[in-house]
1. Putting +1 on Lys and Arg Cβ atoms and -1 on Asp and Glu Cβ atoms, find which of A:398, B:171, B:13 reaches farthest to the positive end of the dipole of the protein assembly as shown.
2. Which FRET efficiency value, to the nearest 0.05, is calculated for residue A:43 and residue A:211 with the Förster distance at 60 angstrom and r the Cβ-Cβ distance?
3. Just checking the output field for A:361-369: average partner chain Cβ neighbours within 10 Å of each residue's Cβ?
4. Post the alpha-carbon centroid distance, region A:281-297 to region B:146-208, in whole angstrom.
5. Rounded to a whole number of µm²/s, how large is the Stokes-Einstein D of region A:320-476 at 25 °C and 0.890 mPa s, given Rh as the Kirkwood radius over C-alpha pairs?
6. All other residues with a Cβ under 14 Å from the Cβ of residue A:294 taken together, and with Lys, Arg as +1 and Asp, Glu as -1, what is their net charge?
7. If only Cα atoms are counted, what is the Rg of region B:2-120, and what is its Dmax, in Å?
8. Calculate the dipole size of region A:218-295 relative to its Cα centre from +1 charges on Lys and Arg beta carbons and -1 charges on Asp and Glu beta carbons; express the result in debye to the nearest 20.
Amino acid sequence: MKWAGLGSGAWAELCRRAPPLRSSTFRLALLYVFLLGVSVSILLGFIYWSTAGYMDRQATATIDAEIRGLAEQYHQRGLNGLTTLIAKQVALDPKGSSVYLLVDDKLERILGNLDRWPSELPDAEGWMRFRLRERGPDQTEEHEARAQVFLLRGGLRLLVGRDVRDLEATRALIINALSWGLAITAAMALLGSWLMSASLVRRLEAINQTSWEIMEGDLSRRIRLNGSGDDFDQLAISLNRMLERIETLMTGVRQVSDNIAHDLRTPLTRMRNKLEILGAELPDAGAARTLGEEALADTDEMLATFNALLRIARIESGSRRAAFAPLNLTELVGDVAELYEPVASEREQRLEYRAFGPAWIVGDRDLLFQALTNLVDNAIKYTHSRGDITLSVGSDGLRARVVVADNGPGIPSRLRELVFRRFFRGDGSRSTPGNGLGLSLVHAVAQLHHATIDLSDNQPGLRVTLSFGLGKAAIDGRVTPRRS
Amino acid sequence: MRILLIEDDRKLADYLRKALVEVGFAVDHLVDGREGLLTAASLDYDILIVDRMLPGLDGLGIVRTLRAAGNRTPVLFLSALGEVDDRVQGLQAGGDDYLIKPFAFSELHARLEALLRRGAADAPETRLRVADLEMDLLKREVIRAGTPIQLQPREFRLLEYLMRHAGQVVTRTMLLEQVWDYRFDPQTNIIDVHISRLRGKIDRDFDPSLLQTVRGAGYLLGVP
C-alpha cells in the first residue's frame, strides 16, 4: 500500500493521467465530429439530389420533346412520316446521343441506330433503362441509355431514347467531389477536435495536478491562470478562492490547537518545577514522596505529548527545511541501531543492523533520527521478547531506503492507513505506554523529506520502508557533513 | 557564584531567581536589554542567563557586543524560539548553550553547572580521575582500582562526559546532545539502559558506586 502523496513515487503512480481517449472532452469532440458529419452529409446529399436530379429531369425533358415531335409527325403523316423523320435524324447524327429503334411484331429491326431490341422490360409508364453497347475501334463501350417505348398500329414498336453517358459522368463527378468534401470535412473536424480536447485536457490536467499537490499536504498551492480570463480561468479563480478560504480555516484550526499546546506547556512546566521543589522537601520515603514522584512523571508525560504535537505542527508547516543538509543515512541508521541495541538486548530481542553501502540524501538529521528512533522504539515495544528486529539501509542508485522490520504482531492491513493519524492507537497498543503521536511524527518527517512510507506484512510482523530521493550531493559527489 | 539574569518575563524571572538562590547562586535580575548589557560589561559575573527577546536590545545583540569587547563570561540563552536556525544563531552570536522555553529547572541547573565547569577547566586534559576511577584519554583506557575496564567507543564517550562533569547533575537531554550528538526526544528511557550498562562495567564489582541516578533530573558521577 502506498501513501498518498508522500513522495514522487507514489505521486506518479496516483496521478497517472487518464488516457486521452477516455477523457470526456475527447468523447465530446467525437460526438461533435459525428454530428458535424451527419449534417454535412445531409447538406451534400441535398446538393447531389438537386444537381443530379436537375440533369436527370433535363434528359427526360429532352426525350419528351423528341417524342412530341415524332408523335406529331406520326399523327400528321402516319408511319411513313415517322420513319422518314427517324431516318433523317439517324442519318444526320448516327452516333449521336439520340437513340431510335422501330421493330415489327417479331421484334425484328426495321429502322434506327440501335442493333436490336433491348432485353430489359419497360416500367409501368413505358420508361426503359438499358445498357447501350457501342463498338469502338478496339473496344466496346457500354453506357446507360434511357428510352420510352410505344406500341404503334400493326404490332410495330417504337423506342425513342437518349444516351445518358454525360449524365452518368457528371453524376460520378459530383459524387466524387462530394465524397472528397465529406472526407476533408471529417478529417478537419477530427483534427480540430483533437487539438481542442488536447488543450482542454491540458488545462484540466493543470487543475488536477494542483489538486494532487494540495492533497499531498501543500495547502499553499494554487491553480495557475493563463490570463485569458476565459471560463477555465474563472473556474480556477473560484477554486483558488475556495482554497484560500480552506487554508485560512485550516491554519486557524491548526493555530488554535498549536496555541493550546503552546499555552498549556508553560504552566505545565511551571507546575513541573514546583513539583520538583516540593519533591525535594518531602521526606525520602512514604506515600507523599511516591505521590509526588508519580505526579512529576504524569506531568512529564503531558509535556512530552504537547511537545510532540508542537513538533509535528512545526514539521508540517515545512519551516524546518532550513536545517536540511547532505547526510549519510547509513551512518544515521547505524547510530540508531547502536543506541537501541542495549534496549533490545535487555528484552532479549535481537537487533540486527544491515548496511548496503552509503546512502546520501539531503535532510534534517535530528528529525530523521527522531523518526527512525520512533520506528525502532515501536518495533521493540510491540515485538515479544526474543523477537527479531532488523534495521537495513542502502541505496539502489535511484532511491535510498531504510527498512525497519520486526516479527511482532504487525498491523492489520485495514488499520495501516489509520496509524499515521494523530492520537491513533491500535487495540493491542492501548496497554503499552505511548501517546499515539510517534507514527504521526514519522509521517510528518517523511513528508518533509518527500519520502514515501510503506507498511507491509513481514510475515509475521511489520515491515516499514522509508524511501528517499537521493540527495543532490550524492549525484554531484560534493559531500559535506553538517556537523563534525 | 554570581548570575546575571536578563529576562523580561517577570513571573519566570521571579521563579528562576528563587530557585537559583535555593541551589546556592547569587542572582541579579534585569528586564531591559540595554541595561543588561551595561551591567554585564561593568560587573564581574560567573554566568549570564539571557533571554532572546528583550526590550531595548535583544539577547543576540547583548552577547555579540560583549564578545566583541572581549568579555568571555559564559552565556546561556533562554528562548521561546526553538528552531534549529534560532539555536545556531544564538551559538554563533557567542552563546555557550541554548535552552528552549519552557524548560525544567533541573535542566537549567545542570546546564549552568556544566558551563561553570567548562569555564574553570579550559586546558586540555589527558587524564580524568574520579575517586579510584581513571581514564586515559590518549591511550583510550579506563582503569578502576587498578583493574582495566573494556568499554565500547560510545560507552567511553559517555563515561568521559560524565567524568568531565563529575559531581554535577547531567540530564538525559544533555547526554543525547553531547554523547550521541542528536537532538531528539526518545520515547523510552534509552539513556537509562546505556547508563545501567556502563554501571555494570564500572560499578558492579567495585565499591562505592560512583554513577548515581538523580530522580527527576538525570545522573551524577561522583563519590556519594
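Just so it is clear, none of the values below were taken in a lab; they were calculated from the coordinates. Source: prediction; values computed, not measured. Cβ placement follows ideal geometry from the backbone for every residue including glycine, while neighbour counts extend to all protein chains displayed.
1. Checked the options; the winner is A:398.
2. 0.85
3. Per-residue shielding by partner chains comes out at 3.
4. If we compute the Cα centre of each part, the gap is 26 Å.
5. D, rounded to a whole number, is 156 µm²/s.
6. Its environment carries a net charge of -2.
7. 12.7, 34
8. 120
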